[in-house]
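One structure below.
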Amino acid sequence: MSDFDLVVIGAGLMGCASALRAAEGGMRVAILERGAIGSGASGVNAGTLSLQIKRVGLIPYAMKGHEWWAKAGDAVGFQQTGGLTLAFNEREAKLLTERMGLKIAAGAPIELISSNAALAREPGLTRRIVAASWCPADGFASSNRTGTYLRSLLSAAGVALHEYTPAQNIERTDRGFTVDTTVGRFGCRRLLLATGAWTKQILAMLGLDMPIRVRVNTVAVLERGPRTVGSVIGHATGLLTLKQKSDGTVLIGGGWQGRGTPASGRGEVVADTLLNNLRLARFVVPGLASFRLLRSWTGFEANVPDFTPLAGALPGIPDAYVLTCVRGGYTIGPYIGRLMGDLILGREPEMKLFDPGRFADAAVVASD
């Protein structure tokens with residue numbers, strides 16, 4: 001059996017960032033990942049790094065996370081293009097004004113602009129814009145490069161990464177925990193669950209339950225074509241994210257739902273919802289009508305009823321922690337993972353975390 005100061009289950013952005021911080025603090029750390037590093041939500045999302053689509057309470061975390069992506073730069077395909085969010089009727093304009101006003105008050109560098117100003121920035125947009133907002137900090141990275149970059153950081157920090165090593169059972173011991181896997185047993189003083197959509201199943205190994213729900217988000221990529229937009233484009237409802245990469249391909253997301261559960265291992269694209277996502281994108285950028293769809297896929301996203309993260313100590317289980325359900329986790333993950341690492345090291349995090357103990361009653365019921 002291998003013994004560590006900390007075992008992290010889950011090698012997505014947040015698990016890796018937590019492991020790196022703990023290793024920097026002198027801990028001997030191992031990460032156990034059911035698939036390849038960054039193969040979950042961190043590697044299958046649309047790569048959008050937008051402050052405009054973050055919840056108000058997470059804006060400060062997103063801004064700090066953005067700094068990490070900018071520093072990573074070319075290694076992750078980081079592009080700071082700026083972003084526009086658009087409204088096409090008065091109801092959407094009101095929604096846009098209210099939401100962006102709150103985010104501006106929270107410190108986000110967002111500006112409400114006219115439809116003419118939006119068209120001046122992006123002439124390829126539809127002329128049916130009623131209102132818009134602009135954020136110069138918005139951009140994107142290549143999610144399919146995330147795992148490779150994280151692997152290099154973990155190797156340099158001396159973190160033991162075990163891919164294709166799913167956790168099969170967790171037991172509490174006098175010295176901490178043991179985690180049984182397909183390749184053997186790992187012992188540790190402290191345990192962090194950074195398991196995204198699979199957290200509910202992993203918590204059950206500890207006799208806990210929390211009200212975690214899972215969305216099955218759809219992403220699509222269009223073939224290479226002529227330049228149509230340079231900025232990240234969004235919709236006031238949140239039902240569209242769109243960006244064109246330097247090679248001419250177009251990535252389209254927006255949270256349109258597929259089918260499936262984490263237990264099945266993968267989700268399924270639903271044709272009707274994919275078509276609606278593509279139709280909205282073509283309406284916003286008419287020039288996309290000549291582009292062909294290359295492929296589409298789904299990715300799981302976990303959340304809880306209050307749509308704030310689970311980030312902190314697990315209720316009733318000393319030295320066990322959880323980090324999941326972070327909306328906008330691709331942007332925020334590197335920073336909130338660092339905060340979690342500090343908490344595990346016994347340091348005071350720079351910003352507050354989000355105590356999972358708020359769901360303690362549900363957890364206790366499950367363990368009775």
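If a residue has to be β-branched (Val, Ile, Thr) and over 18 Å from residue 298 (Cα atoms) to count, how many in segment 1-54 make the cut?
First pass over segment 1-54, keeping only residues β-branched (Val, Ile, Thr): 7-9, 29, 31, 37, 44, 48, 53.
Filter again for over 18 Å from residue 298 (Cα atoms), leaving 7-9, 29, 31, 53.
Total satisfying the criteria: 6.
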Which one of these is part of a loop (DSSP other than H, G, I, E, B), modelled with pLDDT of 95 or more and among the aliphatic types (A, V, I, L, M): 63, 100, 14, 27? 27
Restricting segment 88-97 to residues that are free of Cβ contacts under 8 Å to residues at least 60 places away in the same chain and in a helix (DSSP H, G or I), the one nearest to residue 53 (Cα to Cα) turns out to be 97
Among the helices (runs of 4 or more DSSP H) lying completely within segment 110-221, list those that include at least 2 residues that are touching a strand residue (DSSP E or B) at 6+ places or on another chain (Cβ under 9 Å) and more than 30 Å from residue 297 (Cβ to Cβ). 115-121
Just checking, how many residues over segment 17-44 are crowded, with 23+ Cβ neighbours inside 10 Å and either under 13 Å from the mean Cα position of the chain (by Cα) or at positive phi (or both)? 6
Among the numbered criteria (1) closer than 23 Å to residue 216 by Cβ; (2) outside any helix (DSSP H, G or I); (3) out of contact with any Phe, Trp or Tyr (no Cβ under 9 Å at 6 or more places or on another chain), which single criterion is violated by residue 43? (2)
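Would you list the strands (runs of 3 or more DSSP E) that sit entirely within segment 286-368 and hold 2 or more residues that are of a type outside the set (A, V, I, L, M) and either buried (at least 20 other Cβ atoms within 10 Å of the Cβ) or within 20 Å of the chain's Cα centre (by Cα) (or both)?
Values: elements: 293-303, 310-313, 320-324.
Of the strands (runs of 3 or more DSSP E) lying wholly inside segment 286-368, those with at least 2 residues that are of a type outside the set (A, V, I, L, M) and either buried (at least 20 other Cβ atoms within 10 Å of the Cβ) or within 20 Å of the chain's Cα centre (by Cα) (or both) span 293-303, 320-324.
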Which one of the conditions (1) modelled with pLDDT under 95; (2) over 16 Å from the mean Cα position of the chain (by Cα); (3) farther than 30 Å from residue 23 by Cβ; (4) not β-branched (Val, Ile, Thr) does residue 271 fail to meet, given that it meets all the rest? (1)
Do we find that residue 71 is part of a helix (DSSP H, G or I) and surrounded by fewer than 19 Cβ atoms within 10 Å (Cβ to Cβ) in this structure? yes
Could you please let me know if residue 349 is free of Cβ contacts under 8 Å to residues at least 12 places away in the same chain and either closer than 30 Å to residue 233 by Cα or not basic (Lys, Arg) (or both)? yes
Here the residues within segment 146-192 that are of a type in the set (Gly, Ala, Ser), more than 28 Å from the chain's Cα centre (by Cα) and within 16 Å of residue 37 (Cβ to Cβ) are none
What's the number of the only condition in (1) buried (at least 20 other Cβ atoms within 10 Å of the Cβ); (2) in contact with a helix residue (DSSP H, G or I) (Cβ under 8 Å, 6 or more places away or on another chain); (3) over 30 Å from residue 263 (Cβ atoms); (4) touching a residue at least 60 places away in the same chain (Cβ under 8 Å) that residue 83 fails to meet? (2)
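Being of a type in the set (Gly, Ala, Ser) and buried (at least 18 other Cβ atoms within 10 Å of the Cβ) is the filter; apply it to segment 267-285 and report the residue that is farthest from residue 59 (Cα to Cα).
To start, the set of residues in segment 267-285 that are of a type in the set (Gly, Ala, Ser) comprises 267, 271, 281.
Now narrow it down to the ones that are buried (at least 18 other Cβ atoms within 10 Å of the Cβ): 267, 281.
On the way: 267: 29, 281: 26 Å.
Filtering first and then ranking leaves 267.
So that you can scan it fast, the table gives a plain yes or no per residue for (1) without any contact (Cβ under 8 Å) to a residue 40 or more places away in the chain; (2) assigned by TED's automatic domain parsing to the domain that holds residue 111; (3) more than 21 Å from residue 345 (Cβ to Cβ); (4) not charged (D, E, K, R):
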| position | (1), (2), (3), (4) |
| --- | --- |
| 10 | no, no, no, yes |
| 13 | no, no, no, yes |
| 19 | no, no, no, yes |
| 22 | no, no, no, yes |
| 27 | no, no, no, yes |
| 31 | no, no, no, yes |
| 49 | no, no, yes, yes |
| 54 | no, no, yes, no |
| 62 | no, no, yes, yes |
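Looking at this structure, is residue 321 touching a strand residue (DSSP E or B) at 6+ places or on another chain (Cβ under 8 Å) and under 17 Å from residue 55 (Cβ atoms)?
Values: touching a strand residue (DSSP E or B) at 6+ places or on another chain (Cβ under 8 Å): yes; under 17 Å from residue 55 (Cβ atoms): no.
The answer is no for residue 321.
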Within segment 166-201, residues being under 24 Å from residue 26 (Cβ atoms) and β-branched (Val, Ile, Thr) number 3
What's the number of the only condition in (1) more than 23 Å from the chain's Cα centre (by Cα); (2) assigned to a loop (DSSP other than H, G, I, E, B) that residue 81 fails to meet? (1)
Out of 178, 165, 182, which single residue is over 30 Å from residue 55 (Cβ atoms), of a type outside the set (Gly, Ala, Ser) and modelled with pLDDT under 95? 182
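The values are calculated or read from the model by the stated rules, or taken from the named source; none is laboratory data. What you see is a predicted model; the values in this text were computed from it and never measured. We place every Cβ from the backbone using ideal geometry, glycine too, and count neighbours over all the protein chains shown.
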